[in-house]
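First the structure, in the form of structure tokens, and then the observations on it.
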Amino acid sequence: FESDTYFFSFKAVQRLQATLPGASWVDADLLVNWCRAVKSDVEIEVMRGAARIASHVMTVACEHIAPGVRQCDLVSKVLAAQISGIDGLGGDTTALCPLILAGEAAATAHPMWTDAPFEPNQTVALELGGAHKRYNAGLARTVQLGQGPQKVFDTAKAVTEGLEAVLQTIRPGICAGDVHRAWQDVLDRYGLTKESRIGYSIGAGYPPDWGEHTVSLRANEQTILEQNMTLHVMLGMWMDGWGIEFSETVAVTASGAESLTQFVREVVVI
């Protein structure tokens, strides 16, 4: 059995053990998840579809976000785009709901949307995604509603430079910790720090999470990346009252990282 899973409760374990008193119980933990970490070529193609939907969803979000628009109204457009899909590809409910980091919530990792309107000159991070045949692709970008302080654009420059360094480092045979080091090297040059991980394995999933809880791009992580792993590379800096996020869903190929999601890698000024 899997002891750490969202939908297998302690009560369910008790019932099974009572029903099968002669059985031996072994905790398989994340065995199946680790088997899922390396995708087949068919799965990769499905995830390309999910990534196309995610990229479309981000376009829709940037078209509708504006000062005075309520967060919930923007999310209604996002959800519609996620489900309707694009170019004949139908969408599913993403395993992680749309996340909006604005105002006081900007320093929070996974805030739910509210009915508050976006404000003039506000910096907003959008963590969205797409799902196709239950396979998920995440995509995050940062929007500046009007004029923003120079520190937003300076921080975004560091984050996008770090993202490029990470994508150039990802390849089969490298340690996940070495990928994190490429990111940290860039932050060091800018005098910035971020202690949390910068990515994780992603794929098939249901709410409440699209992460596979296996591969983690963090300092000193010894997991070796393999071809056909898929990762959500999530880079961000969360400050008091504002935050920056840029992310891509990538596939590990024989020659390096293939970015499945496609969207301009800069702060979108509206």
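All of the numbers you see were taken from the coordinates with simple rules; none came from a lab. The structure presented is a predicted model; accordingly, all values stated were derived computationally and were not measured. So basically every Cβ, Gly included, is an ideal-geometry build from the backbone, and we count neighbours across all protein chains shown.
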In degrees, nearest ten, helix 10-19 long axis to first principal axis of the chain (Cα)
10 degrees
Between 0 and 90°, nearest 10: helix 176-190 axis offset from the chain longest Cα axis:
20 degrees
Here the percent of antiparallel bridges among DSSP beta bridges lying wholly in the chain, to the nearest 5, is 95 percent
In 10 Å bins starting at zero, report the fraction of Cα pairs in the chain per bin as a rounded %.
7, 29, 33, 21, 8, 2, 0
Listed highest first by mean packing, meaning other Cβ atoms within 10 Å per residue, what order do 200-206, 43-49 come in?
200-206, 43-49
Roughly how tilted is helix 71-84, in degrees to the nearest 10 and between 0 and 90, from the longest Cα axis of the chain?
60 degrees
Please state the relative contact order of region 1-131 as a whole percent: Cα pairs under 8 Å, 6+ residues apart?
27 percent
So how many Lys-Lys pairs in region 26-269 land under 25 Å Cα to Cα, not counting same-chain pairs under 8 apart?
4
Any idea how far apart Arg265 and Trp238 come out in nm if each label point goes 7 Å out from Cα toward Cβ?
2.3 nm
Taking a ≥ b ≥ c as the square roots of the eigenvalues of the Cα gyration tensor of region 41-138, is the shape rounded (a/c under 1.5), prolate (a/b larger than b/c) or oblate?
prolate
Given charges at beta-carbon only (K, R positive; D, E negative), |dipole| of region 26-269 in Debye:
240 debye
Per the charge dipole of region 26-269 (beta-carbon charges, Lys/Arg positive, Asp/Glu negative, Cα centre), the residue among Pro207, Ile170, Gly236 reaching farthest to the positive end is Ile170
